[in-house]
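*Asks:* Dumping the structure here so I can ask a few things about it.
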Amino acid sequence: MTARVPVSPSTAEPYRADAGFRHGMVSRLAAEAFGTLFLVVAGLGVPLFTLPQSNPLPAALAGGLAVTASMLAFAHVSGGHFNPAITLGHLVAGRLRTGYAAAYVVAQLAGAAAGALALYGILRTVPSIPDTKAAFDTVTAGFGEHSVVQTSMAGVLLAEVLGAALLVAVFLGATARGNVHAAAAPFAVGLSLAVLLQFGQAIGNAPYNPARATASALFSNSWSVGQLWLFWVAPLVGAAIAGLVFRAASAVGDGEVAAGNAAGVSPAGGSDRGGLDDDGGSDANHIKGGSDANAGGSDDDHVKGGSDGPDSDASGSHAAAKTRPAVPGDEARDFFDGSGDK
């Protein structure tokens with residue numbers, strides 16, 4: 001299932017057993033599907049099977065913990081999105097290519113549907129729950145009469161846009177190439193989701209995740225399908241806003257570095273600024289060892305090691321370079337994989 005790309009042992013990160021390999025697309029999609037399945041099972045299953053007189057684990061916290069655990073387990077493989085909104089945020093921010101984003105969304109939907117199907121099958125075996133669809137109605141996203149506090153369509157839409165924008169912003173910020181707090185990223189995202197789920201629970205079971213909203217709607221009564229559009233449009237709008245903000249911030253940062261270079265000021269840390277690729281892919285696709293020289297580069301993916309070409313060693317800027325494989329992917333995966341620039 002895993003297509004692995006070998007890396008020279010001398011350049012592999014010493015603190016990871018599989019640091020010399022990159023996971024292929026099949027493994028990445030499987031990780032996205034399984035992580036989303038876990039998120040749905042926890043996020044929907046805990047409130048479905050919680051006894052009224054006993055609530056040891058709130059549904060919001062269960063959803064947040066599931067995301068944290070999934071990111072810790074699978075983020076080094078796929079980046080740990082488990083949510084079409086987060087995937088869109090990466091696409092808009094320039095950290096993920098379009099083809100990869102589309103494949104991720106398909107995998108997330110498949111995982112979410114499988115998780116909801118498993119819960120539906122379990123519910124069918126419980127004799128005290130005669131109407132399985134009515135049980136799913138209690139955890140399905142909705143507005144108006146299907147909201148606990150009767151929130152209107154506009155109110156739920158605004159809550160979803162706001163929540164998704166905040167969630168995607170936390171994810172993009174926590175997994176940014178320059179963030180040194182690598183170990184805290186899954187906890188930052190998981191805790192943020194838990195808080196947002198608690199905020200949106202009474203408003204309309206707001207999941208800020210189109211895959212999860214679709215999964216629960218598939219097994220609820222017909223009203224849920226009619227309202228499902230909102231739980232796609234709103235979180236994707238919020239994700240796009242967050243992605244655009246981060247893309248603009250990155251462009252401003254690139255301009256400041258360029259201005260500093262023009263003034264003879266070198267950026268901190270040497271060479272790689274973690275900027276965006278011209279083709280919209282992540283900076284992982286243009287991995288540079290030292291400073292970027294344009295002459296003499298021969299690899300189509302612009303992977304640069306000790307030198308960029310026959311005339312690029314004149315400045316002596318590539319002496320400490322290291323080579324990494326040119327596998328198109330997203331910056332979040334590189335962050336957790338430990339292969340991003342330190």
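Read the figures in this text as sums done on the coordinates, not as results from a lab. For clarity, every value in this text was computed on a predicted model and none was experimentally measured.
*Asks:* Assuming 1.567 mPa s and 4 °C, estimate D for the stretch 68-134 with Stokes-Einstein, Rh taken as the Kirkwood radius over Cα pairs, in µm²/s.
*Replies:* On the way: Rh = 13.9 Å.
Calculated translational D: 93 µm²/s.
*Asks:* Hey, how much of the P(r) for the stretch 132-184 falls beyond 12 Å, as a percent of Cα pairs?
*Replies:* Counting pairs separated by more than 12 Å, the tail of P(r) holds 72 percent.
*Asks:* Related question: Which whole number of Å³ per residue matches the convex hull of the alpha-carbon atoms in the stretch 174-235?
*Replies:* So the per-residue Cα hull volume is 98 Å³.
*Asks:* While we're looking at this one, here's another question. Rounded to a whole number of µm²/s, how large is the Stokes-Einstein D of the stretch 57-182 at 4 °C and 1.567 mPa s, given Rh as the Kirkwood radius over C-alpha pairs?
*Replies:* My calculation gives 76 µm²/s for D.
*Asks:* Further question on the same structure: Return the Rg/Rh value of the stretch 107-266, two decimal places, where both radii are evaluated on C-alpha atoms and Rh is the Kirkwood radius.
*Replies:* Taking Rh as the inverse mean 1/r over Cα pairs, Rg/Rh reads 1.12.
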